[in-house]
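Okay, structure first, notes after.
No lab work stands behind these numbers, since they all come straight from the coordinates. From a predicted model like this one, the values you see are computed outputs, not experimental measurements. Ideal geometry is used to build each Cβ from the backbone, glycine not excepted, and the neighbour counts take in all protein chains shown.
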Amino acid sequence: MKKVFVLQNRYMDSVMLMGIALKLEEKPEIRDAACGMGTPANMDSLRDDGYTLPEGITKNDLMIALETETEAELKGAYDAALEMMSGSGDRKETYRDVSELPEGEWDVVQISIPGEFAVKEAKKAIDRHMDVFMFTADISLEEERELKEYGRDRGCLVMGPDAGVGLLGGVAMAAGSIVRFGPIGIIGASGSGSQEVACLIEEMGSGVTCILGTGGRDLKKTVGGVSMKADMKRLEKDADTKLICLVSMLADQEIMEEVLKEADKLTKPVVAVFLGADEKLYAGHRVTGAFNLQDAAKACVRILNGEEAKIGWTEEESDAIAARCAQKFTGQKKYFRGLYTGGTFAEETLMVFRSQAPEIEMHTNRDNTKYATRLKTHKQSEEHTLLDMGDLDFTAEAPHTVFDPAQRLARFRQELADPEVGLIAMDIILGPGVAPDPATCYIEDMKARPDVNFICAVCGGEGDPQNKRAIQKKLREAGVIVADSNYESAKLSAKILRRLR
């Protein structure tokens, strides 16, 4: 028995709704559960799953789709969904407006509501001297700058809009990881990039005071790097932070230069990785420049500890692994497929291929990258293909794959069905706010295909609930090559393909 319940003019964040659906599906009497706003893509998805939708649903309406055996079970499932949405489960109180929050009780607010309301609520929080973490993305560049200046002038952090990762006071926000406390403060205009640097720092025995996500547009000319500049000044004053690390993909040249000039004024050492930059960007500045995420993490630990931390394979080790992997390329097998949830991981991998194997043409769905050719359609791979599955191409159709791996699993199986595919590389991202089990769904397919090479890099902290070590062990037992970092995964992938040529 299937039914779609509609709550008119009721908004909830998509990540929260997905979490509720997962909790509902844990109940033995519920065969299927899906919760989402009434967008065309969500409605099409429910129809594809065999649900009949009531007439007149709008994007402002919340849909609860349930399947049970009996009418009584259906009613019970709906009541359980309403209880979860009311906040009567884990939360003691529900607030409808920032102004309802008790004065002085909270020091940070996480905002994930439609853009037309988000800025207003953020300013209310700032007026209460609260820092803001904004997951909301649909805000104009002009509004973003104005909001960030509003927060800066009042001594408050504004992380976002479109901030995907944060860590404050040991609390991970959005898709962030829980990593060991330590002396390194990270400021990032790249969510997955900042998370990777933090997790690698932990792997090398150190830790971080915080991850301040600025949102991916902070270094655009219109925004002007307002948050990154303000965050550097904040960490300069923080007694626990001994070194500052800046993380971003290549951005506006003028704004990057302004940021580096601000870094020159600090008394604390600064490491910077602007993926895609060359030595010219860092020339004349006091920052230590890095050109990949792993080297940025290593530089942070080296500067503080005075010695080089070991991470990744030696050249001899990776050569041996590549030789072994190349032997599996028999018959028609000749192509690489990359399926990435983190946009920064996708871009870093494309960069590594260009530098390590420039003769190999890569195809991608990513816009504004100089390292690959644009696919005709993201729905069909061409020869060597790397997909950014966190891109709007995919997130407009379904939840982001970092929160729900179902869409990537379907594409994974599509690639496995191609007899010319011999190597698949993926990132596995952990954290309290993402999929509770992001890896197990691939295991049986991997075990069934010993003729295909699989390379995975697991990005996560020791404090994440998914258990990083257990996931790495499970992958290795399935025959997967587990890299220490995304950079190592990309380097090995390129080395395997070069060996074939």
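Brief remarks on what is shown
- Close amide H pairs (under 5 Å, H built 1.01 Å from N) link Tyr371 with no residue at least 5 positions away or on another chain.
- A simple spin-label model places the labels of Glu317 and Arg286 3.6 nm from each other, with each point 7 Å out along Cα-to-Cβ.
- Under 15 Å from the Lys221 label point (7 Å along Cα→beta-carbon), backbone N, the stretch 252-287: 252-258
- 3J(HN,Hα) along the stretch 473-481: 5, 4, 5, 4, 5, 8, x, 7, 7 Hz, from the Karplus curve 6.51 cos²θ - 1.76 cosθ + 1.60 with θ = phi - 60°, whole Hz, x for Gly and Pro.
- Protection proxy ranking for 120-127, 100-107, 326-333, using the average of other Cβ atoms within 10 Å per residue and placing the highest first: 120-127, 326-333, 100-107.
- 18 Å Cα-Cα reach of Lys75 towards aspartates and glutamates, excluding residues that sit fewer than 8 places from it in its own chain: Glu25, Glu26, Glu29, Asp32, Glu67, Glu83
- Label zone at Arg449 (point 7 Å along Cα-to-Cβ), backbone N below 14 Å, the stretch 398-426: 408-426
- As a calculated quantity, the FRET efficiency between Asn60 and Met1 at R0 = 41 Å, using C-beta atoms, amounts to about 0.90.
- Charge tally in the Cβ shell below 11 Å around Gln414, where Lys, Arg are +1 and Asp, Glu are -1, Gln414 excluded: +3
- If the segment from Lys268 to Asp367 were pulled out straight at 0.36 nm per residue, it would be longer than the present Cα-Cα gap by 32.0 nm.
- Pairwise Lys count, the stretch 315-500 - Cα closer than 17 Å, eight or more residues apart or different chains: 6
- P(r) of the chain over all Cα-Cα pairs, binned every 20 Å from zero, in whole percent: 22, 55, 22, 1
- With the simple spin-label model, which puts each label point 7 Å out from Cα in the Cβ direction, the Gln327 to Glu83 separation comes to 5.7 nm.
- Straight-line cross-link partners of Lys310 among the aspartates and glutamates, defined as a Cα under 17 Å from its Cα and at least 8 positions apart when in the same chain: Glu196, Glu202, Glu203, Asp295, Asp484, Glu488.
- Packing, taken as the mean count of other beta carbons within 10 Å per residue, orders the peptides 223-229, 47-53, 17-23, 110-116 from highest to lowest as 223-229, 17-23, 110-116, 47-53.
- Modelled this way, with points 7 Å down the Cα-to-C-beta line, the labels at Glu279 and Ala410 are 4.8 nm from one another.
- Estimated FRET transfer efficiency (Glu383, Cys441; beta-carbon r; R0 22 Å; 0.05): 0.25
- If R0 equals 25 Å, the separation of the Cβ atoms of Tyr11 and Leu101 corresponds to a calculated FRET efficiency of about 0.85.
- Whichever lysines have a C-alpha closer than 20 Å to that of Lys237, once near sequence neighbours (fewer than 8 apart) are set aside: Lys148, Lys229, Lys261, Lys265, Lys268
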